[in-house]
1. Which one of these is of a type outside the set (D, E, K, R), closer than 30 Å to B:Pro164 by Cβ and either within 13 Å of chain B (Cβ to nearest Cβ) or surrounded by 19 or more Cβ atoms within 10 Å (Cβ to Cβ) (or both): A:Gly165, A:Gly185?
2. For segment A:234-257, which positions are touching a strand residue (DSSP E or B) at 6+ places or on another chain (Cβ under 7 Å) and farther than 16 Å from A:Gly56 by Cα?
3. Closer than 23 Å to A:Val203 by Cα, within 12 Å of another protein chain (Cβ to nearest Cβ) and part of a loop (DSSP other than H, G, I, E, B): which single residue out of B:Phe18, B:Phe70 fits that description?
4. Taking the criterion of being within 11 Å of another protein chain (Cβ to nearest Cβ) and aliphatic (A, V, I, L, M), would at least one residue in segment A:83-94 satisfy it?
5. For segment A:273-293, how many residues meet the condition of being within 18 Å of A:Ala399 (Cβ to Cβ) and free of Cβ contacts under 8 Å to residues at least 60 places away in the same chain?
6. Could you say which residue among A:Pro194, A:Pro198 is free of Cβ contacts under 8 Å to residues at least 24 places away in the same chain and either in contact with a strand residue (DSSP E or B) (Cβ under 6 Å, 6 or more places away or on another chain) or acidic (Asp, Glu) (or both)?
7. Collect the residues in segment B:145-168 that are open to solvent by 10 Å² or more (accessible area, probe 1.4 Å) and either part of a loop (DSSP other than H, G, I, E, B) or closer than 23 Å to A:Leu244 by Cβ (or both), keeping them in residue-number order.
8. Does segment B:108-129 include one or more residues that are open to solvent by 20 Å² or more (accessible area, probe 1.4 Å), basic (Lys, Arg), in a loop (DSSP other than H, G, I, E, B) and out of contact with any Pro (no Cβ under 7 Å at 6 or more places or on another chain)?
Amino acid sequence: MTGNGNIRLLSRNFGKSGQAGIETAEQRGAYAMLKKAVRMKPEEVTALVKESGLRGHGGAGFSAGMKWGFIPKDTFPRYVCVNADESEPGTCKDRLILEYDPHLLLEGALICAWAVQAERIYIYIRGEYFYPTRIMHKAIEDARAKGFIGDNILGSGWSCTVHLGTGAGQYICGEETGLIESLEGKKGWPRLKPPFYPAAVGVWGKPTIVNNVETLAFVPRILEIGADKFAALGTPKNGGTALLSLSGNVKRPGVYELPMGVPLKTLIYDCGGGITADRKLKAVIPGGSSSHILTAEECENLRLDFESVAAAGSMLGSAAVMVIDETVSIPRLMVWMTRFYAHESCGQCTPCREGTGWLLRLATRIADGKGRRRDIDDLYEVANNIDGKTICALGAAVAWPTKSYIKKFRHEFEALVKE
Amino acid sequence: MQISDTLRKKAEEIFFRFPPEHREAALVPLMFEAQRELGCITPDTERWLAETVGVSLVKVREVLSFYCMFRTAPAGKFLIMLCHNISCCLAGAENLQQHLESKLGIRNGETTSDGVFTLKYAECLGGCSWAPMMLINENQYYQLTVEKLDRIIESYRKGQPILPEEPTPLLGNVGEPAPA
């Protein structure tokens, strides 16, 4: 079950030549599951995805099938948005699907669109992903020419088009309502989110399913192997495998496909080859930069699924594991982390707009050895005043790690400050 | 102002992506295309965008100032975006920053006096597992070292750019047997 490449649902075609071309992709089975799906009733497809235990791989980990089920019964048109705005530091897995197997993503998005009877799919790619954008553009053209996109798809009587949306370098556009605003041609300010939003009120006020690239790419595989088999690959509440982005101080960083619930040590030591230069492990950021840092002791028996990581006091998020060795200064890490959020805060909510810059200034002062003892408490206090006081989760995304760095590595901050 | 036929054709292609009653949705991708062709978004271009898309000028300004990849003044011939986020810094990006600044004689956001290179630090380019990473214009480069960076920069200076590794390299990653 463990190790690299034994279970390859998503990564099966990674690295194989010609896979981005539609002929080769079809020879290897692409779109066969779309054919199967359109012969099923839409609600049967949704039920199957629900049974599989597939959870969103974009960060929040919400049940994909349940999300699809929130679409109101009588409102049309409906949209599907593929969130390809991957920009959480540490996360770099969706890029591989876009570059190596674009037709798998298209097939998954089309099956989702069939399940919710959507008429348009938007693939929203971040602006910096120039190469993946070129690949997806060609894949959409090819799939359209072959009749997988367009009118009366595979004789089902259902029509659906696929289009590209492009970001222009703003992290917040990966938040689903920020993404929708951006897609509508505005600055990507997140919207307030009542329940079932945006499934009920999304793009142009119409029902919209926003799913991450990896989540949708799993859908054809669920139809292929069956919901039971898929669910059996992971843990009881986390179906299937995950693409884990491993980065930082490891010998072989990379993206590894492993079953949900795999021990963290398997990823770091068996796949990643262990810590750079055989140094000691100091800490791990388990789910992208917005997750709480875990000390080496807390990681000892950690398993990588949503519940286990939450029980350890952090979150699996987008499954981006960043490894930190004993040579890294945690106050310096705090500077890198807060700099990101200070740069990316969209400015809509005052606590986040003002607070993120404040955090960066305090963190920089401490890391540069110019801080005062009270700066440490101020850091914590400012983070506390951002947490839970913003429209979207970006506030918490900077507040949580800030507080966890101080709680767990306070001695490093204290060693740097003057009285 | 003079708008090229290529850009007008692009605009039509982009409008096709959205329902006809939502032309304003074309603003971000069209601004991208305009910048690609014209080098930056000038006040003239803003007016053209507003008219073409059918929104007020202030809306265009709002979008222009919100997204960090848009600019109002031209960049150098080659825009270097070097990532300095957590994974890249853990892999030595700060060394690369210092090296690049002293090599080019410019700092973040500046352009060399000959107009060839503009340097801009980026907050995560999505290459974390192959860090450090940079983009030069639309080309992606991974696993940078000082030597590799020097080779790439020199190749651009000579006008014969080293082609990037596309797609993302897989060595030691998923789908490949782990190296011994």
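The values are calculated or read from the model by the stated rules, or taken from the named source; none is laboratory data. Being a predicted model, the structure only gives us computed values, none of them experimental. When we count neighbours, we look across all protein chains shown, and the Cβ atoms used for this are built from the backbone with ideal geometry, even at glycine. Areas reflect the complete protein model, heavy atoms only, side chains present, ligands, DNA and RNA absent. Shrake-Rupley method; radii C 1.70, N 1.55, O 1.52, S 1.80 Å.
1. Sole residue among the options that is of a type outside the set (D, E, K, R), closer than 30 Å to B:Pro164 by Cβ and either within 13 Å of chain B (Cβ to nearest Cβ) or surrounded by 19 or more Cβ atoms within 10 Å (Cβ to Cβ) (or both): A:Gly165.
2. A:Leu246, A:Ser247, A:Gly248, A:Asn249, A:Val250, A:Pro253, A:Gly254, A:Val255, A:Tyr256
3. Details: B:Phe70 fails: closer than 23 Å to A:Val203 by Cα.
Going through B:Phe18, B:Phe70 in turn, just one is closer than 23 Å to A:Val203 by Cα, within 12 Å of another protein chain (Cβ to nearest Cβ) and part of a loop (DSSP other than H, G, I, E, B): B:Phe18.
4. Going through segment A:83-94, the residues within 11 Å of another protein chain (Cβ to nearest Cβ) turn out to be A:84-94.
Those left that are additionally aliphatic (A, V, I, L, M): A:84.
Yes; the residues of segment A:83-94 include at least one that is within 11 Å of another protein chain (Cβ to nearest Cβ) and aliphatic (A, V, I, L, M).
5. Going through segment A:273-293 one residue at a time, the tally reaches 1.
6. Working: A:Pro194 fails: either in contact with a strand residue (DSSP E or B) (Cβ under 6 Å, 6 or more places away or on another chain) or acidic (Asp, Glu) (or both).
Exactly one residue qualifies, and that residue is A:Pro198.
7. B:Thr145, B:Lys158, B:Gly159, B:Gln160, B:Pro161, B:Ile162, B:Leu163, B:Pro164, B:Glu165, B:Glu166, B:Pro167
8. Within segment B:108-129, not a single residue is open to solvent by 20 Å² or more (accessible area, probe 1.4 Å), basic (Lys, Arg), in a loop (DSSP other than H, G, I, E, B) and out of contact with any Pro (no Cβ under 7 Å at 6 or more places or on another chain).
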